[in-house]
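Enquirer: Got a structure for you, questions after.
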Amino acid sequence: MARGRTRARRRTGRRIAVAVAVLAVVVGGLYVGTALKRHGDVVSAQPAGAPSARTTLVRRTDLSDSRALPGTLGYGAARTIKGAGKGLITRLPEPGSTITRGKPLYWEDDQPVMLFYGGTPVFRTLDKAAVEAGASGTDVSVLADNLKALGYDVGPEPRGKRPATGTEKAPGTLLTSPLLDALKRWQRDTGQQQTGTLAVGRLVVLPGAVRVGAVKAQLGDAAAEEMMSVTSRRKSVSVTVDAGDADLIRQGDEVSITLPDTREVPGKVASVSTTVQGGAGDESDPSGENTPPSSQVTVVPVDSAAVKGLDAASVRVTFTTQTRENVLTVPVGALLALQEGGYALQRPDGRLIPVKTGLFTKGQVEVSGAGVEEGERVVTAS
């Protein structure tokens, strides 16, 4: 009897639990449905409007296009020094040393071989016999110019006689006895044999002061062999530039040089090579592949002290290739390509302004046209 009552109570408890669960579902459903309806009423209550357009101003400013290219910092191209004397090498300079005008580059048979500046080597003996023969030429001019630069009085400097045809250039300076006397005084002051004669191999003529690079010769080697390589004493950066871009670079242009430690130092373009390498038919390309035509640009730091601790390094050089001053500009995203060709700007009211484009750089574009004005607001995508 007691067992029957217990089962009845259990069935009654289950019914109550089920009823409570059902009630909770119904009430919850009514709440969720009401909330959703209210949310829907709020969304549908918003009127459908046109999407907002982003706008920008037409501005007047300066535009410049820059390009960063890899370069190599060093002392420039090396030049091999080969003597012209018949003796033996008895002394050599230290690598890294600087040799200037009138200083010995090496010693042959214990006699210094000096450096003079110029473009013509001494190719013959200059002595009294040559004076009597009326010798003249650019080698004589080199001798006279350097002795004057070193502070010696070389006397009158008559020009050589022009050839009878009159079509050739004058043959340089005429060799004179006062010039040989100045040579003899310089030989005495520099510890050379005072002969008043300049023989082949007693001078090395180079464009300017040099820095000694690798020394190849050893003491006792013949002076007529390769002895050393020399470079400019001023550091420079060599940059390979596409031949088409080289036309936009001029000697004297200002550049920025980024060093390996990320420092930026100012520089200037020293030279732009007129020799184009690569391209179709370039016989210097051993691979036989047509590499893009390129030219070499040499850049020098404005302050040599800024690269004092670097003998060689990979750097980046930023060139300003084009500049537009006081022009109207907009973001590139403001341009609309017209179906019939060309571009236009769009006013916020939808009207179009045909424009001509100029320089594109750094997300901006130069624009011009009869209908575009500074300060006007136009639609842009970015």
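The numbers here are math on the coordinates, done by the rules we state, and not lab data. A quick note: this is a predicted structure, and the numbers were derived from the prediction, not measured. Every residue, glycine among them, receives a Cβ derived from its backbone with ideal geometry; neighbour counts consider all protein chains shown.
Enquirer: Give K103/K268; K82/K148; K235/K268; K82/K308; K103/K184; K216/K308 a once-over and call out the pairs whose C-alpha atoms are over 18 Å from each other.
Expert: Cα-Cα > 18 Å for K103/K268; K82/K148; K82/K308; K216/K308; rest within.
Enquirer: Let me ask something else about it. Normalised by the empirical 2.2 N^0.38 Å for globular proteins, what value does the Cα Rg of segment 68-132 take?
Expert: 1.53
Enquirer: Provide the convex hull volume over Cα atoms per residue for segment 79-232, in Å³.
Expert: 113
Enquirer: Output the peptides 237-245, 119-127 sorted from most to least packed, where packing is the average of other Cβ atoms within 10 Å over each peptide's residues.
Expert: Highest to lowest by the protection proxy: 237-245, 119-127.
Enquirer: Peptides 101-113, 184-196: what's the order by average Cβ count within 10 Å, highest mean first?
Expert: 101-113, 184-196
Enquirer: Right, something else. Give, as a single signed number, the net charge of other residues whose beta carbon lies under 14 Å from the beta carbon of R324, with Lys and Arg counted +1 and Asp and Glu -1.
Expert: 0
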